[in-house]
Structure formats: C-alpha cells, structure tokens
1. What accessible area per residue, rounded to a whole number of Å², is obtained for the chain using a probe radius of 1.4 Å?
2. Taking a point 7 angstrom from the Cα of E70 along the C-beta vector, which residues in the stretch 22-61 have backbone N less than 18 Å away?
3. In percent, what relative contact order does the chain have, based on Cα pairs under 8 Å that are 6 or more apart in sequence?
4. Nothing charged except the Cβ atoms of Lys and Arg (+1) and of Asp and Glu (-1): what's the magnitude of the dipole of the stretch 9-49 about its Cα centre? Round to the nearest 20 debye.
5. How big is the gap, in Å, between the Cα center of the stretch 39-54 and the Cα center of the stretch 4-22?
6. Given R₀ = 22 Å, FRET efficiency for M1-E52 by Cβ-Cβ distance, to 0.05?
7. Taking the alpha-carbon distance from K77 and a cut-off under 17 Å, which lysines remain once sequence neighbours fewer than 8 residues away in the same chain are dropped?
8. Counting only protein heavy atoms, what percent of the accessible surface of the chain is carbon or sulfur at a 1.4 Å probe?
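The values are calculated or read from the model by the stated rules, or taken from the named source; none is laboratory data. Computed from a predicted model, the values in this text were never measured in an experiment. Note that we place each Cβ from the backbone using ideal geometry, even for glycine, and neighbour counts take in every protein chain shown. Accessible surface is based on the protein model in full, side chains and every heavy atom, while ligands, DNA and RNA are left aside. Shrake-Rupley method; radii C 1.70, N 1.55, O 1.52, S 1.80 Å.
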Amino acid sequence: MRLQSVQDLLKEKNIAFTYTEEDGLGSLDFLYRGVPYHIWEFADEAEANGVETNIRNAGKDEEIEGNYEEALLQELKNWP
C-alpha cells in the first residue's frame, strides 16, 4: 500500500477516496467540496520519485518530487 500517510489524513478528514496501485505506484482520486482531485505517483526509474497532483490548484496539474508525501501532507493539513 502506497501513500499511506496521505490516505490516513484523508480518512481523518472524512474525505472519501479511491485508491489504485499499478506497477508498484499508488493513485488517489477524491472529491472535496464538489471538486475532483488526484494524486498519482510516477517513476522515471524503478522507484517512485514524484507525484502529479492538482491539490494546490484544482484546475492545474503540477509535479512534486523529492519528499512529495510530506509536501502533500502539509497542503492537505491546511484544508478545513
């Protein structure tokens, strides 16, 4: 199971999501206040090295690399 800390935070905030894992990479899709959001891991090599997401700006995808799980948590913790 990937993105476990992000999944735990979404559960804590009572945000329903779907989780998919393919080729060892995790994906989360969810609605928040009627807006669809996603967090999709990607890998250039064998290991996940980033995510594509729209949680900072619902209308625009961005890539977060490095310690992406911590960056995701910080953003989601600011959501009411």
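1. In whole numbers, the chain has 61 Å² accessible per residue.
2. Label zone hits: 48-51.
3. Working: 118 pairs, mean separation 16.8, N = 80.
Over the chain, the number comes to 21 percent.
4. Numbers: 3 positive and 9 negative charges, 112 e Å.
Dipole about the Cα centre, nearest 20: 540 debye.
5. When both Cα centres are located, 17 Å separates them.
6. On the way: r = 19 Å, r/R0 = 0.88.
Here the calculated transfer efficiency is 0.70.
7. Partners found: K11, K13.
8. Here it works out to 44 percent.
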